[in-house]
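The values are calculated or read from the model by the stated rules, or taken from the named source; none is laboratory data. The model shown is predicted, which means the values in this text are computed figures rather than measured ones. As a convention, Cβ positions derive from the backbone with ideal geometry for all residues, glycine included, and neighbour counts pool all protein chains shown. Surface areas here come from the heavy atoms of the whole protein model, side chains and all, with no ligands, DNA or RNA. Shrake-Rupley method; radii C 1.70, N 1.55, O 1.52, S 1.80 Å.
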Amino acid sequence: MDCIFCKIIAGEIPADVVYEDDQILVFRDLAPQAPAHVLIVPKRHIASLDALDGSSEDRELLGYLMGKVREIAGQLELSEGYRLVCNCGEYGQQTVQHLHFHLLGKRQMAWPPG
Ligand code: AMP
């Protein structure tokens with residue numbers, strides 16, 4: 001499959017990995033938008049939030065991933081807060097078609113997002 005994140009997960013493309021277990025990989029974004037910017041990626045290929053079908057496997061995986069955010073934020077020392085972003089589809093400006101969550105921190109965020 002021609003998916004850059006699947007290649008990172010398979011170890012075919014290098015990445016600055018900050019956390020890994022059997023279900024998720026977390027690595028630093030190549031083009032960081034904040035002093036701390038990592039991508040939290042499920043190892044199983046899912047194209048986007050919109051590709052989730054409500055199956056128990058998807059619910060379990062996403063519940064697991066969300067439950068890990070606090071731990072990863074702690075590892076990155078984001079004690080003053082952080083933002084979790086998931087871009088979906090064209091209007092959401094998703095550029096990599098493998099579900100991922102941006103975890104951003106170590107600066108003051110603004111609202112609304114652009
Ligand atoms: P999105 O636009 O939400 O799909 O986010 C994709 C993100 O992946 C962007 O922030 C890119 O900078 C990042 N990205 C693309 N290729 C790589 C890579 N090889 N290693 C790390 N981050 C990457």
TODO: Kindly list, by first and then second residue, each pair from a residue in segment 86-114 that is more than 13 Å from residue 37 (Cβ to Cβ) to a residue that is in a strand (DSSP E or B), limited to pairs with Cβ atoms under 7 Å and residues at least 6 apart or on different chains.
DONE: 86/101; 98/41; 99/42
Task: Leading residue by the ranking (farthest from the chain's Cα centre (by Cα)) among those in segment 13-42 that are of a type outside the set (A, V, I, L, M, F, W, C) and within 11 Å of the ligand (Cβ to nearest atom) - done: 14
Open item on the list: For segment 75-112, give me each residue that is touching a helix residue (DSSP H, G or I) at 6+ places or on another chain (Cβ under 8 Å) and closer than 21 Å to residue 47 by Cα.
Closed with: 84, 86, 88, 89, 96, 98, 99, 100, 101, 103
- [ ] Would you check if there is a residue in segment 5-19 being assigned to a helix (DSSP H, G or I), farther than 24 Å from residue 108 by Cα, open to solvent by 70 Å² or more (accessible area, probe 1.4 Å) and in contact (Cβ under 8 Å) with a residue 60 or more places away in the chain?
- [x] no
Open item on the list: Going by what's in this entry, would residue 28 be described as surrounded by 12 or more Cβ atoms within 10 Å (Cβ to Cβ) and within 19 Å of residue 114 (Cα to Cα)?
Closed with: no
- [ ] Return yes when residue 112 is open to solvent by less than 40 Å² (accessible area, probe 1.4 Å) and either away from the ligand (no atom under 13 Å from the Cβ) or among the β-branched types (Val, Ile, Thr) (or both) and no when it is not.
- [x] no
Task: Selected residue (only one of 103, 84, 78 is part of a loop (DSSP other than H, G, I, E, B), surrounded by 13 or more Cβ atoms within 10 Å (Cβ to Cβ) and at pLDDT 95 or above) - done: 78
Open item on the list: Being more than 12 Å from the chain's Cα centre (by Cα) and in contact (Cβ under 8 Å) with a residue 60 or more places away in the chain: is that true of residue 75 here?
Closed with: no
TODO: Would you mind finding the one in 45, 98 that is under 11 Å from the mean Cα position of the chain (by Cα) and open to solvent by less than 70 Å² (accessible area, probe 1.4 Å)?
DONE: 98
Open item on the list: Could you list, ordered by first residue, the pairs with Cβ atoms under 8 Å in which the first is in segment 41-69 and touching a residue at least 12 places away in the same chain (Cβ under 8 Å) and the second is acidic (Asp, Glu) and open to solvent by 70 Å² or more (accessible area, probe 1.4 Å), at least 6 apart or interchain?
Closed with: 43/22
Task: The lone exception for residue 72 - which of (1) open to solvent by less than 30 Å² (accessible area, probe 1.4 Å); (2) closer than 17 Å to residue 98 by Cβ; (3) within 16 Å of the ligand (Cβ to nearest atom) it fails - done: (2)
TODO: State which residue pairs qualify: first residue over 17 Å from residue 71 (Cβ atoms) and outside any strand (DSSP E or B) and inside segment 22-36, second residue among the basic types (Lys, Arg) and more than 13 Å from the ligand (Cβ to nearest atom) in any location, beta carbons under 7 Å apart, and separation of 6 or more residues or different chains.
DONE: 34/106; 34/107; 35/106; 35/107
